[in-house]
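The values are calculated or read from the model by the stated rules, or taken from the named source; none is laboratory data. Remember, it's a predicted structure, so these values are computed and weren't measured experimentally. Here the Cβ is made from the backbone with ideal geometry for all residues, glycine too, and neighbour counts use every protein chain on show. These accessible areas exclude ligands, DNA and RNA; they are computed on the full protein's heavy atoms, side chains included. Shrake-Rupley method; radii C 1.70, N 1.55, O 1.52, S 1.80 Å.
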Amino acid sequence: CGGVRDTRGRCSEFVCPYGWEDRPEKATARCVQETCYVGDTLDTPNCCLRKETCATYQCPPDYATVGGAGGIACTGLTCNLDPGHQDLGLCCVRYQTCADVPCPANMVAVGEMREKACLTLECGAAAVERCCEY
């Protein structure tokens, strides 16, 4: 006397799409039908967990969030905020600093400003006033 055999596909054969990570119980979890389908709105959450995106990442001072952050998945389920972690480079871009500003011939760099970030991603003409002096 046997029970009903479960003919649904196994998540262990399912490859999680970009932005998703294997569920811990993936080895025993089942898909909705006999075959697992990537992109299926039911199979993907059955077999995988959605990763956070860069839209949730809090960039540190002197950094800005990259464009299209909502479509960029962090490396793990949650974004890692440690300064040396690769999520920083994935989710944020560093503002240029006064060290990136070429001072005109009649001006010199303001020493204490060299590591100060410009007020925009790229230092523009206005940065010369902030970063250089006569």
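Here are the numbers for the structure shown:
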{"quantity": "Breaking point among (1) open to solvent by 70 Å² or more (accessible area, probe 1.4 Å); (2) within 30 Å of residue 132 (Cα to Cα), for residue 4", "calculated": "(2)"}
{"quantity": "Of all residues making up the stretch 89-111, the number that are hydroxyl-bearing (Ser, Thr, Tyr) and either touching a residue at least 40 places away in the same chain (Cβ under 8 Å) or open to solvent by 40 Å² or more (accessible area, probe 1.4 Å) (or both)", "calculated": "1"}
{"quantity": "For residue 70: the one exception among (1) more than 30 Å from residue 132 (Cα to Cα); (2) among the small types (Gly, Ala, Ser); (3) in a loop (DSSP other than H, G, I, E, B)", "calculated": "(3)"}
{"quantity": "Residue tally, condition under 30 Å from residue 27 (Cα atoms), buried (at least 17 other Cβ atoms within 10 Å of the Cβ) and hydrophobic (A, V, I, L, M, F, W, C), over the stretch 44-88", "calculated": "7"}
{"quantity": "Every residue from the stretch 94-126 that is under 14 Å from residue 62 (Cβ atoms) and part of a helix (DSSP H, G or I)", "calculated": "98, 99, 100, 113"}
{"quantity": "Qualifying position, being out of contact with any Cys (no Cβ under 7 Å at 6 or more places or on another chain), modelled with pLDDT of 90 or more, at positive phi and not aliphatic (A, V, I, L, M), among 89, 68", "calculated": "68"}
{"quantity": "The stretch 12-43, residues that are surrounded by 12 or more Cβ atoms within 10 Å (Cβ to Cβ), assigned to a loop (DSSP other than H, G, I, E, B) and either touching a Pro at 6+ places or on another chain (Cβ under 8 Å) or small (Gly, Ala, Ser) (or both)", "calculated": "19, 29, 38"}
{"quantity": "Among residues of the stretch 112-130, those that are surrounded by 15 or more Cβ atoms within 10 Å (Cβ to Cβ) and either out of contact with any Pro (no Cβ under 8 Å at 6 or more places or on another chain) or modelled with pLDDT of 75 or more (or both), counted", "calculated": "7"}
{"quantity": "Checklist (1) closer than 30 Å to residue 7 by Cα; (2) hydrophobic (A, V, I, L, M, F, W, C); (3) at pLDDT 90 or above; (4) in a loop (DSSP other than H, G, I, E, B) applied to residue 79, failing item", "calculated": "(1)"}
